Structure formats: C-alpha cells, structure tokens
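These notes are about the structure you will find just below.
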Amino acid sequence: MKHIVVFAVSLLLSVRVLAQIPYFAATVGDGKLYGYTSLKLRPGVNKMATYTTFQYGLGDHFATGLDLYTGPGCACWGALVRYGVGISKWFNIGAEVTPTFNLNDSFRFAYLTNALYLNGAITRDGRLFWCSNTWWIVKRGANNTFSNYEYLGYTFPLKNRHSITPMAGCIHSWLFDQDLDLAAGCYYTLKQWNFYLWGNDFLTSHPRIVMGADFAL
C-alpha cells in the first residue's frame, strides 16, 4: 500500500513539474545538442525535485532525447520525440510525446506526456511575445490530467549577445475547476546558454522556486 501511495504522489509531482518553465515550439536544430537541468524547491518544505533532459536535433524540425525526473521517493525516466515548425514570425507550433517509466518499480510504464507548444511575436521586432503550452498526461492507475499555461514575455537585449527576458502568466486546468496559479520568472541569455529563475504558487504559504540552466551546442 505504501508503495502505491508513493507512486501516486510521484505522478502528481511530476505533472506539476512540467507546468512551469515555458517551452517553445522550435527544436534545437539539425545535428545540435540541447540540454536543460533544474532544481525545484519550496522554502520551508523538505521536498526538493530535479528535472534534466538532453535532446538531439534530427533535421530542422525533429528532435529526440531522454529525460530524468527525481523527487521525494521517486525517480522517473522518459524517452521523447519532438517536432516543431515556424509558420510565421507570429505563430509557431510544436508537439512532443514522452512515455515515462518508474525506475523504482522495475521500469514499469508510469505515464505518457503529450504536449502542444505554441508561441509567436506580438511586435515586429519580436521582443514582446506570447507563449502557450498544453499538457495531456495519461497516467497508469490514475485519472488523466489536462492543463495549460499562457505567458507574455519581453526580451531586453544587452551587449555581446546577452539579454534578459522576464515573463509572467498563469497555469490552469482545462476544466477551470480550481484557482488559477500565477507564475512568473525570467531567464538570462549568455550566448548559447540560458539561466532561469522561476516561481509559482505565490499565494500559498510555501511558493515554489525553480532554478535552471540550458544550452544548445
């Protein structure tokens, strides 16, 4: 019974982890390697989690890769396939499918993540932009979840290919059956690197903080 409870909690945690840092439609590019890692914590609560992914570009629009999620009492490993295309400056669309397996349960199937990524420019210079991510999580032994978040962002260019991009938005269920969760953060771009500081659950006693970094080589 304890094992089942831990597994269910792990699924809920992993789904919540996904709806945080914004994902954009474009893939990393042909023959390029993308990596991202993050630490997620709630000050005052001993429940830290990590998420790491590596993706390799297969052509200009496809990518494949692996990811690893660890949290209190759980560890999950996934294999992903991703597609993205730019329709125009104003509208880009991407999709990702990731079956994930429980490393603490003989590598049994845990959940399937289906994601739709949309983003585009609002102004002609592209500095002001919008981003939407839609998640459909199919879970073994539990109800499926449907969630979405929308962000607005603005990029402030700096010298030598540096920039800082603050973003703000909300996370919510497709059913709108609970309070919307406000989320905000920023990332600092240093050439091919991005460094993230994000947060959500600001109206709770223990808001969540995410620190992360990614690169494309």
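Scanning segment 63-74 for residues being surrounded by 15 or more Cβ atoms within 10 Å (Cβ to Cβ) and either over 17 Å from the mean Cα position of the chain (by Cα) or acidic (Asp, Glu) (or both) gives a total of 3.
In segment 99-148, what residues are assigned to a strand (DSSP E or B), of a type in the set (Phe, Trp, Tyr) and without any contact (Cβ under 8 Å) to a residue 60 or more places away in the chain?
Residues satisfying the conditions are Phe101, Phe109, Phe129, Trp130, Trp136, Phe146.
Among the residues making up segment 75-92, those that are of a type outside the set (Ser, Thr, Tyr), within 21 Å of Ser132 (Cα to Cα) and open to solvent by 60 Å² or more (accessible area, probe 1.4 Å) are Val81, Ile87, Lys89, Trp90, Phe91. The residue that is most open to solvent (accessible area, probe 1.4 Å), counting only those in segment 174-203 that are over 19 Å from Ile21 (Cβ atoms) and out of contact with any Lys or Arg (no Cβ under 8 Å at 6 or more places or on another chain), is Leu203.
Among the residues of segment 151-175 satisfying the criterion of being part of a strand (DSSP E or B), among the polar types (S, T, N, Q) and out of contact with any Gly (no Cβ under 9 Å at 6 or more places or on another chain), which is farthest from Gly199 (Cα to Cα)?
Ranking the candidates gives Ser163 first.
Taken together, the criteria place Thr189 among residues that are farther than 16 Å from Trp135 by Cβ, among the hydroxyl-bearing types (Ser, Thr, Tyr) and touching a strand residue (DSSP E or B) at 6+ places or on another chain (Cβ under 7 Å). Among the residues of segment 100-133, the one identified as on the phi > 0 side of the Ramachandran plot and hydroxyl-bearing (Ser, Thr, Tyr) is Ser106. A single member of Ala216, Ala184, Ala121, Ala142 is under 25 Å from Asn46 (Cβ atoms) and modelled with pLDDT of 95 or more, and it is Ala184. Of the residues Gly169, Gly126, the single one that is closer than 24 Å to Ile93 by Cβ, open to solvent by less than 70 Å² (accessible area, probe 1.4 Å) and under 16 Å from the mean Cα position of the chain (by Cα) is Gly169.
Between Thr27, Thr50, Thr98, the distinction of being within 26 Å of His206 (Cα to Cα) and at pLDDT 95 or above belongs to Thr50 only.
The values are calculated or read from the model by the stated rules, or taken from the named source; none is laboratory data. Please read all numbers here as calculations on a predicted model, not as lab measurements. Cβ atoms come from the backbone with ideal geometry, glycine included; neighbour counts cover every protein chain shown. These area figures cover heavy atoms from the full protein model, side chains too; ligands, DNA and RNA do not enter into them. Shrake-Rupley method; radii C 1.70, N 1.55, O 1.52, S 1.80 Å.
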